[in-house]
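Written below as structure tokens is the structure these notes are about.
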Ligand SMILES: *Cc1c(COP(=O)(O)O)cnc(C)c1O
């Protein structure tokens with residue numbers, strides 16, 4: 001036993017934190033159950049992996065590992081700026097978009113301040129908020145029988161914002177529900193939120209959305225200087241292992257984020273890979289098409305098993321088992337199928353299943369059939 005209670009010395013917010021629970025790695029399940037031929041549909045990764053162009057970019061970048069990476073991310077920012085029609089001064093690169101979410105919390109939150117997000121929203125929002133010593137204000141989600149079941153109730157957000165609010169987090173589509181927000185409701189909220197409150201629109205899954213129902217975030221930023229958009233190369237671009245994402249914001253906010261970020265928060269391989277991945281939009285389109293196919297398959301197969309799916313425009317489905325889902329999760333593990341339990345998201349009767357390859361999807365449905373018959 002240590003002589004000092006270090007927990008008591010930690011910041012008040014940190015004392016309340018639980019570590020982020022990642023999806024179970026394939027290797028961990030192999031070790032635990034001694035089984036092989038495992039499929040992982042637990043972390044919303046791209047089952048196709050990254051663009052083939054990424055290999056060559058990484059090979060080239062790995063010739064120079066003794067050198068520090070370009071701390072300004074010049075080439076990647078230039079490519080993003082051209083693609084998105086924004087100025088490079090509006091871009092902040094992060095070690096994953098998690099990193100930029102944390103930077104936002106570090107810059108705009110502090111003890112005595114608060115952040116607003118929806119119930120059942122992405123776990124990093126509470127983590128970043130509490131780690132910064134701020135209070136989290138959770139807006140109740142839409143009802144289970146609403147069109148966007150368990151989704152963000154944007155009309156209610158403004159009621160939770162007060163003089164001490166620094167940040168508002170909106171995940172569109174949201175993880176773990178898959179639900180999305182109505183562009184008009186987002187526009188209306190932005191009109192109501194005071195400009196001193198930064199609104200973060202987290203678009204980690206935006207490429208998978210029905211583009212006709214997606215807000216034009218860059219256009220909205222021109223109207224609302226307090227809007228910050230975050231995106232990632234971890235999902236449709238298939239680069240989760242490399243940790244790279246970015247924020248778009250007004251230049252002054254980007255300057256503040258750059259003051260607090262680590263000088264070399266993006267490694268050289270990630271910078272090169274992201275740039276190559278960005279150029280291959282055909283791979284993005286192929287990944288989205290495969291996802292659409294898998295989404296249709298789950299919508300055909302799961303209701304036949306008596307299961308319902310929350311509305312989703314992402315690369316996963318949030319499945320309602322109408323009973324405690326933890327035993328089902330455990331039984332699926334024994335079948336070699338890793339999905340994501342959602343007790344931490346206060347959805348103990350749901351499991352989140354990432355859409356995989358057609359083979360993986362079939363195996364998952366077969367495993368579900370077996371498990372539900374047990
Ligand atoms: C996966 C995810 C992210 C991105 O994480 P990275 O740090 O970029 O890997 C951000 N927001 C949401 C809602 C996510 O699900």
Given the peptides 144-155, 345-356, arrange them by the average over their residues of other C-beta atoms within 10 Å, most packed first. 345-356, 144-155
Quick check on the chain: take the gyration tensor over C-alpha atoms, sort the square-rooted eigenvalues as a ≥ b ≥ c, and tell me if it's rounded (a/c under 1.5), prolate or oblate. rounded
Cα-based Rg of the stretch 75-219 per 2.2 N^0.38 Å, rounded to two decimals? 1.04
Working note, the stretch 257-337: Cα radius of gyration (Å, one decimal) and Dmax (Å, whole number) are 19.2, 53
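What value, in deg cm²/dmol to 500, does the helix sum -39500 (n - 2.57) over DSSP H runs of n ≥ 4 give at 222 nm once divided by the residues of the chain?
Values: 15 runs with 148 residues, N = 374.
It lands at -11500 deg cm²/dmol.
Taking 0.36 nm per intervening residue step and subtracting the Cα-Cα distance, what contour gain separates residue 53 from residue 123 on full extension? Present the calculation step by step, with values, prior to reporting the outcome.
Details: separation 70, 0.36 × 70 = 25.20 nm, distance 3.21 nm.
Fully extending the segment from residue 53 to residue 123 adds 22.0 nm.
In Å, the Kirkwood hydrodynamic radius of the stretch 202-361 over pairs of distinct alpha carbons? Write out the running numbers ahead of the final one.
On the way: mean 1/r = 0.0551 Å⁻¹.
With all distinct Cα pairs of the stretch 202-361 included, I get 18.1 Å.
Based on the alpha-carbon gyration tensor of the stretch 66-112 and its eigenvalue square roots a ≥ b ≥ c, which shape applies: rounded if a/c is under 1.5, prolate if not and a/b is larger than b/c, or oblate?
oblate
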In whole Å, what is the distance between the alpha-carbon centres of the stretch 315-335 and the stretch 202-259? 31 Å
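Rank-order 252-261, 226-235 by packing density, defined as the average count of other C-beta atoms within 10 Å over each peptide's residues, highest first. Mind dumping the intermediate values first?
Numbers: 252-261: 16.4, 226-235: 24.9.
Listed from highest to lowest mean packing, they are 226-235, 252-261.
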Tell me the Kirkwood radius of the stretch 1-114: reciprocal of the mean inverse pair distance over distinct alpha-carbon atoms, in Å. 19.5 Å
Return the distance in nm (one decimal) between the two label points of a simple spin-label model at residue 87 and residue 8, each offset 7 Å from Cα along Cα→Cβ. 5.2 nm
So what's the gap between the Cα centers of the stretch 349-374 and the stretch 70-121, to the nearest angstrom? 35 Å
How many nm separate the modelled label positions at residue 212 and residue 285, each set 7 Å beyond the Cα in the direction of the Cβ? 1.9 nm
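Every number here is computed from the coordinates shown, using simple stated rules; none is lab data. Since the model is a prediction, treat every value here as computed from it, not as a measurement. Reconstructed Cβ throughout: ideal geometry from the backbone, glycine too, with neighbour counts over all protein chains shown.
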